[in-house]
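Report on one structure; see the data block that follows.
Please treat every number below as a calculation from the coordinates, not as lab data. Here the structure is a predicted model, which means the values were calculated and not measured. Neighbour counts are summed over all protein chains in view; Cβ atoms, including those assigned to glycine, are modelled from backbone coordinates with ideal geometry.
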Amino acid sequence: MSTPKYKRVVLKLSGEALAGEAGFGINPPIIHSVANQVKEIAELGVEVAVVVGGGNIWRGKIGSEMGMDRATADYMGMLATVMNSLALQDSLEQNGIETRVQTSIDMRQIAEPYIRRRAIRHLEKKRVVIFAAGTGNPYFSTDTTAALRAAEIEADVILMAKNNVDGVYSADPKLDETAVKYDELSFLDVIKDGLAVMDSTASSLCMDNNIPLIVFSIMEEGNIKRVVMGESIGTIVRGKKND
């Protein structure tokens, strides 16, 4: 068996990825597919941390656009990520993968509080760790959470799994037939060109800490394993091209 390219990864899942075509809620076949793919790489010895968004249940930005206080809307979004994280934990443990959910907002009855050293210890014991409730602060996205946690646990890479696109394009490929898919980019390119990969705070964190990002489709079974094994799928974003 060949050796995985990455030893420790942060898998970033959007909430929408768990909803599937319905666009809302949790789609059981999809969450089981994600769990199966995570199990595949965990059984290769890869240490896996997961950050899940909450957009399939609530988006803080929409709440604030409705006139809701932005901080309140964002905290509601953080709670949505906890619901998704618990659903993913249950699906993973049904597959025999020991899992821990850690939350940035204290809710000890259902999950551990986020403690960096404890998270690293879980990973070393080959437990999957799911980071929920964002950073615990409003005005920060779960993309920023993924970048921050990746830096804290010294992950080799962030795997950004998408349900509606298979990489980074020059424009929305669903709206623009001339959109070009990139094989490789730098974070400076992403920020300068305003590409919809991750927000500028998250991009800057990745760039400053030299954490590569791979954007790919999760809808094709086995893609997470292919990325971890080093196959060239999707788009890789680095601090500088060819780093």
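The trypsin sites (Lys or Arg not before Pro) of the stretch 168-243 that meet both conditions, a loop assignment by DSSP and at most 10 other Cβ atoms within 10 Å of the site Cβ, are Lys174.
Per residue, the convex hull around the alpha carbon atoms of the chain comes to 126 Å³.
The dipole here belongs to the chain: it is taken about the Cα centre, uses +1 on the Cβ of Lys and Arg and -1 on the Cβ of Asp and Glu, and is about 780 debye. Across the chain, the relative contact order, built from alpha-carbon pairs under 8 Å that are at least six residues apart, equals 22 percent. For the stretch 1-137, a Kirkwood hydrodynamic radius built from all Cα pairs, placed in the Stokes-Einstein relation at 25 °C and 0.890 mPa s, yields a translational diffusion coefficient of 160 µm²/s. Distant-in-sequence amide contacts of Ala171, defined by a placed amide H-H separation under 5 Å and a gap of 5 or more residues or a different chain, comprise Val180. The equivalent ellipsoid that matches the C-alpha gyration tensor of the stretch 87-229 spans semi-axes of 29, 18, 14 angstrom, in descending order.
Within the chain, the longest segment free of exposed loop sites, counting GluC sites (Glu not before Pro) that fall outside DSSP classes H, G, I, E and B and have at most 15 other Cβ atoms within 10 Å, spans 99-153. Eigen-decomposition of the gyration tensor built on the alpha-carbon atoms of the stretch 4-72 gives equivalent ellipsoid semi-axes of 30, 16, 6 angstrom, largest listed first. Taking amide H positions as modeled 1.01 Å from N, with prolines and chain starts lacking one, the residues under 5 Å from Met229 and 5 or more places away or on another chain are Lys5.
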